[in-house]
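Structure first, then comments.
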Amino acid sequence: MRFLFKTDYEDDIRLFPHSGYVVSYGILLALLLIAPYVLSSYLMSQLVFVCIYATVGVALMILTGFTGQASLGHAAFLAIGAYTAAYLQKYNVPFPVYFLAAGVLTGCIGALVGFPALRLQGIYLVIATISFAFIVEEILARWESVTNGNEGMRVKTLSLLGVTVPRDSPTFYFLCLAVLVLTIVGTLNLLRSPTGRAFVAIRDSETAARSMGINVALYKVKSFAISAAITGLAGVLFAHKLSFISPEMFTLQLSIEFIIVILIGGSFSLHGAVLGAIFIVMIDPFLTYLKDDMPGIIAGIAATFGAGPATAGNIQSKVAAFASLNGLKGAIYGIIIVLFVLFEPLGLYGRWLKIKLFFQLFPLYKRATFKRQKIYVKSERNR
């Protein structure tokens, strides 16, 4: 077991607490770099979506996990970034320009959303962000001169420094990976800065933050702007990956998926954003497997236990009908949220911390190590 003795402030804000982190992250990065030359094109496509979803998860983590401001409108920010890229492409604007322009525009809109949300908290803030998402979706459907309405827009193949980068190429994967890595490193540095510490102070107690001289309104707007800007950058990559965008692709369900990313991964960890993205991206392959392969497997098991051909065929048809239900994906999301809230509020990363600590302290691990202490002070009545 490794013991860390912090002797000054620099030890507390160090990017890598010890050399073990450098080695483990280096090995992970090496594996990700050789992945395009080892994995199939389908798995590489899934990894690209993991990078995009994880980038949005990190953005949402800044707003929700570290500042304590709930949002169900990040699908709208993703849409603004995607449509900005598609629109500027029509005028032959180079990729670096419209990539940055999408981030700046989305960040400005995020700041504008943050101003009216200053007086809202909890469920009322969630309702406000949902309303914003509905407004953006309606604008995308009605502003046909810019967005082509419900017909959608084609997104041209990405061209970087005069070189065409197809959406299924290793170069596009490396681009998405680079954006994710830079986003994570930038967020880690943000959290070590006075701005990041102000975010965390606001999350813990707005009253205490004000008493320390923190401009709560200013930092809330900053959090909205930064989170929206990063989501806009992810929207550009999302548009290029799909090569076609339309308003119905950026619905409330997509915002819920982003919330599930940080809820499943862990609301207070950047590692959790990546783990949650992996989990949520694998839902669609699981549903495909459930619809295409599972009915035959269950019918085969029934036949093995003595069911006749007619009975096995009836079982297969019923399982196939169940797997094809329209609301199955939403039901799975609801079950996942309930299970994690009830049994693992800290998410997948929290479970990993418990497993790691168990082996570090074995046989002295206590079951109540992560149990929240219900001790409050009077000032927390106004949180």
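Please treat every number below as a calculation from the coordinates, not as lab data. Keep in mind it's a predicted model, so treat the numbers as computed, not measured. When we count neighbours, we look across all protein chains shown, and the Cβ atoms used for this are built from the backbone with ideal geometry, even at glycine.
Oblate is the label for the stretch 14-74. Its Cα gyration tensor axes, ordered a ≥ b ≥ c, give a/c of at least 1.5 and b/c at or above a/b.
When restricted to Cα atoms, the stretch 89-180 yields an Rg and a Dmax of 17.1, 48 Å, respectively.
For a test of the definition: using alpha carbon positions, the gyration tensor, and the 1.5 limit on a/c, classify the stretch 108-242 as rounded, prolate or oblate. It comes out oblate by the Cα gyration axes.
Positive contributions from Lys and Arg (+1) and negative ones from Asp and Glu (-1), summed over other residues with Cβ under 14 Å from the Cβ of Leu43, come out at -2. When the C-alpha to C-alpha distance is required to be over 20 Å, the pairs from Lys329/Lys354; Lys156/Lys241; Lys291/Lys329; Lys90/Lys222 that qualify are Lys329/Lys354; Lys90/Lys222. Hydrophobic long helices, here whole DSSP H runs in the chain with Kyte-Doolittle means of at least -0.5 and Cα atoms spread over 18 Å or more along the helix axis, are found at 19-34, 41-60, 74-89, 95-114, 123-142, 170-192, 216-242, 252-265, 309-323, 328-343, 347-361. Sort the stretch 1-133 into rounded, prolate or oblate with this rule: let a ≥ b ≥ c be the square roots of the eigenvalues of the Cα gyration tensor; rounded if a/c is under 1.5, and if a/c is not under 1.5, prolate when a/b is larger than b/c, oblate otherwise. Since a/c reaches 1.5 but b/c is at least a/b, the shape of the stretch 1-133 is classed as oblate. Entry note, the chain: the mean residue ellipticity at 222 nm calculated from DSSP H runs of n ≥ 4, each adding -39500 (n - 2.57), is -22000 deg cm²/dmol after division by the residues and rounding to the nearest 500. Toward the positive end of the charge dipole of the chain, with +1 on the Cβ of Lys and Arg and -1 on the Cβ of Asp and Glu, the farthest Cα among Ser169, Ile62, Gly235 is that of Ile62. When Rg and Dmax are taken over the Cα atoms of the chain, they come to 23.0, 76 Å.
Close amide-amide hydrogen proximity is noted between Leu160 and Val165, each under 5 Å apart and 5 or more residues distant or on a separate chain (H modeled in the peptide plane; Pro and chain starts excluded). Cβ distances below 4.7 Å define possible disulfide partners, and in the chain the cysteines left without one are Cys108.
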